[in-house]
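Here the structure is laid out as structure tokens; the discussion comes afterwards.
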Amino acid sequence: MASLNLIVSALHSETPLIRRIMLASADGVPLPNFPAGAHLTVAVPDVGPRKYSLVRSTPEAAQAHPTHYTLGVRLDVDGGGGSRWMHALSVGDRVGADAPKNDFPLKAGPAPVALIGGGIGITPLVSMAAELKAAQRPFRIAYAARARADLAFLPEIESLCEGQQTIQIDAETGRFFDVEGLFRTLAPSTVVYMCGPKPMLKSGMEALRALGWPRDRLSFELFYS
């Protein structure tokens with residue numbers, strides 16, 4: 001049984017495929033706080049639990065107790081049905097969810113950070129960037145997508161990175177993102193967080209081995225619909 005009783009407070013179409021969904025407490029109970037990388041497990045009727053990363057997109061939000069939760073959901077018409085249900089929500093609809101949980105934590109320390117996202121897998125990395133900026137810890141974002149319709153939270157990323165982000169659209173460049181090439185530009189002390197589809201994460205692991213990096217330099221989370 002879901003432990004949080006939420007209500008849809010606002011909706012915004014990021015692209016034709018990606019929807020920003022804002023959820024507030026439906027019963028006035030304060031929302032549990034969460035660290036960067038955390039997700040919300042939503043109880044989707046007739047489908048089952050579905051996990052969606054929680055997004056904080058400013059340093060101020062990263063330091064404040066949440067008054068609402070923000071999710072970014074990409075529509076997958078061939079998926080299991082969770083994203084279709086989420087995209088059919090209207091303002092005022094009720095949503096049940098479990099308290100936030102974090103399986104993809106941002107490790108403490110002074111080391112610089114590289115955040116590499118693929119498609120909607122950028123969502124936990126946006127929260128990490130906001131937390132890193134609040135802590136004045138150096139970071140960079142590289143964001144790859146098959147098409148522009150797969151880019152989410154781009155204005156927030158540009159603001160957090162002050163225009164220094166790396167964006168690649170595979171359909172426009174005619175090639176996949178060069179993960180190993182990016183790794184080769186990083187300082188030896190940099191730690192890497194990746195979230196995206198399986199081929200991107202596989203490329204990350206292959207690059208890690210090719211460069212002889214220790215395994216603990218790379219943390220990753222697989223995105224799936």
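The values are calculated or read from the model by the stated rules, or taken from the named source; none is laboratory data. Fair warning: this is a prediction, and the values are worked out from it, not measured in the lab. Cβ: placed from backbone, ideal geometry, glycine included. Neighbour counts: every protein chain shown.
Points worth noting:
- Any pair with Cβ under 6 angstrom, 6 or more apart, that starts in segment 174-202 at a residue that is more than 22 Å from PRO138 (Cα to Cα) and ends at one that is of a type in the set (D, E, K, R): PHE176/ASP170
- Of the candidates ASP98, ASP170, the single residue that is out of contact with any Cys (no Cβ under 6 Å at 6 or more places or on another chain) and either closer than 29 Å to VAL47 by Cβ or not assigned by TED's automatic domain parsing to the domain that holds ARG217 (or both) is ASP98.
- Checking each residue in segment 214-225 for being buried (at least 16 other Cβ atoms within 10 Å of the Cβ) and outside any helix (DSSP H, G or I) picks out LEU218, SER219, PHE220, GLU221, PHE223, SER225.
- LEU106, sole failed condition from (1) under 26 Å from ASP76 (Cβ atoms); (2) crowded, with 23+ Cβ neighbours inside 10 Å; (3) of a type in the set (A, V, I, L, M, F, W, C): (1)
- Meets criteria (within 16 Å of LEU154 (Cα to Cα), surrounded by 14 or more Cβ atoms within 10 Å (Cβ to Cβ) and not polar (S, T, N, Q)) for PRO124: yes
- None of VAL42, VAL29 is over 24 Å from LEU115 (Cα atoms) and touching a Pro at 6+ places or on another chain (Cβ under 9 Å) except VAL42.
- Looking only at segment 65-83, residues that are surrounded by fewer than 17 Cβ atoms within 10 Å (Cβ to Cβ) and over 16 Å from GLY121 (Cβ atoms) come to 7 in all.
- Segment 133-190, residues that are in a loop (DSSP other than H, G, I, E, B), among the charged types (D, E, K, R), closer than 22 Å to VAL55 by Cα and out of contact with any helix residue (DSSP H, G or I) (no Cβ under 8 Å at 6 or more places or on another chain): ARG137, GLU162
- Qualifying residue in segment 38-48 (condition: aliphatic (A, V, I, L, M) and out of contact with any strand residue (DSSP E or B) (no Cβ under 7 Å at 6 or more places or on another chain)): yes
- Lone unmet requirement of (1) without any contact (Cβ under 8 Å) to a residue 12 or more places away in the chain; (2) over 27 Å from ALA62 (Cα atoms) for GLU162: (2)
- Segment 16-64: number of residues that are assigned to a loop (DSSP other than H, G, I, E, B) and either surrounded by fewer than 18 Cβ atoms within 10 Å (Cβ to Cβ) or at pLDDT 95 or above (or both): 22
- Test: residue in segment 91-113 that is within 26 Å of LYS202 (Cα to Cα) and part of a strand (DSSP E or B): yes
- Filter pass, ARG209 being within 21 Å of LYS107 (Cα to Cα), out of contact with any His (no Cβ under 7 Å at 6 or more places or on another chain) and not β-branched (Val, Ile, Thr): no
- Boolean, ALA210 is assigned to a loop (DSSP other than H, G, I, E, B), among the small types (Gly, Ala, Ser) and either exposed (fewer than 14 other Cβ atoms within 10 Å of the Cβ) or without any contact (Cβ under 8 Å) to a residue 12 or more places away in the chain (or both): no
- Subset of segment 158-184 (residues that are at positive phi and modelled with pLDDT of 90 or more): GLU162
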